[in-house]
Amino acid sequence: MPKPARRSTSHSRAGKPDPAGALFGGYPAPVKAKLLALRRLILDTAKATRGVGALEETLKWGQPSYLTAETGSGSTIRIDQVKPATDQYAVYFHCQTNLVETFRELDPELRYSGNRAILLNVADKVPETALRHCVALALTYHLNKRKTGRET
């Protein structure tokens, strides 16, 4: 009797299942490259930002998502291709925060979608400096809110 087929599961460095990592294989090559660059930018920014701690990478709404589960310092960040546009991808933020509003003031050169996303074109260079700033603000959103006593 043949053995049942094993399901392939991507794993994180810690040996735990890595569903977000496995998802990247399903994107068209140009989008995949940009999303992997964003992933690295988010992880590197978390390491370099005081108070953030280790990120948890998971799937939320079928999108690679990054949570500050260890410290609770920030708001979830998600990344994905903009559907159905094959030439756009985005960084998504919780729409009930003032993060995107803040980003608009600080980084007006970026393109935004409402109060929830930064839109990017696959053909363009990743605006690393501006995105690192936005990501750091998102990863410290709750930490900064506690320090200032803001309720938004």
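The values are calculated or read from the model by the stated rules, or taken from the named source; none is laboratory data. This is a predicted model, so every value here is computed, not measured. So basically every Cβ, Gly included, is an ideal-geometry build from the backbone, and we count neighbours across all protein chains shown. For accessibility, only protein heavy atoms count, side chains too; no ligands or nucleic acids. Shrake-Rupley method; radii C 1.70, N 1.55, O 1.52, S 1.80 Å.
Please verify whether region 35-43 includes one or more residues that are at pLDDT 95 or above and not aliphatic (A, V, I, L, M).
Yes, the conditions are met somewhere in region 35-43.
What is the number of the single condition among (1) crowded, with 18+ Cβ neighbours inside 10 Å; (2) acidic (Asp, Glu); (3) modelled with pLDDT under 95 that Asp80 does not meet?
Exception for Asp80: condition (3).
Taking Thr49, is it farther than 22 Å from Lys125 by Cβ and either of a type in the set (Phe, Trp, Tyr) or more than 14 Å from the chain's Cα centre (by Cα) (or both)?
Considered against the rule, which asks whether it is farther than 22 Å from Lys125 by Cβ and either of a type in the set (Phe, Trp, Tyr) or more than 14 Å from the chain's Cα centre (by Cα) (or both), Thr49 comes out as yes.
Give, as residue ranges, the helices (runs of 4 or more DSSP H) completely inside region 69-152 that count at least 3 residues that are farther than 20 Å from Arg39 by Cβ and within 17 Å of the chain's Cα centre (by Cα).
none
Looking only at region 36-62, which residues are polar (S, T, N, Q) and buried (at least 18 other Cβ atoms within 10 Å of the Cβ)?
Answer for region 36-62, where residues must be polar (S, T, N, Q) and buried (at least 18 other Cβ atoms within 10 Å of the Cβ): Thr45, Thr49.
Taking region 130-146 as the region of interest, how many residues are open to solvent by 50 Å² or more (accessible area, probe 1.4 Å) and closer than 20 Å to Val31 by Cα?
Residues meeting the conditions: 1.
Output the number of the condition that Ala20 fails; it satisfies all remaining conditions of (1) over 15 Å from Gln81 (Cα atoms); (2) assigned to a helix (DSSP H, G or I); (3) among the small types (Gly, Ala, Ser); (4) at pLDDT below 90.
Unmet condition: (1).
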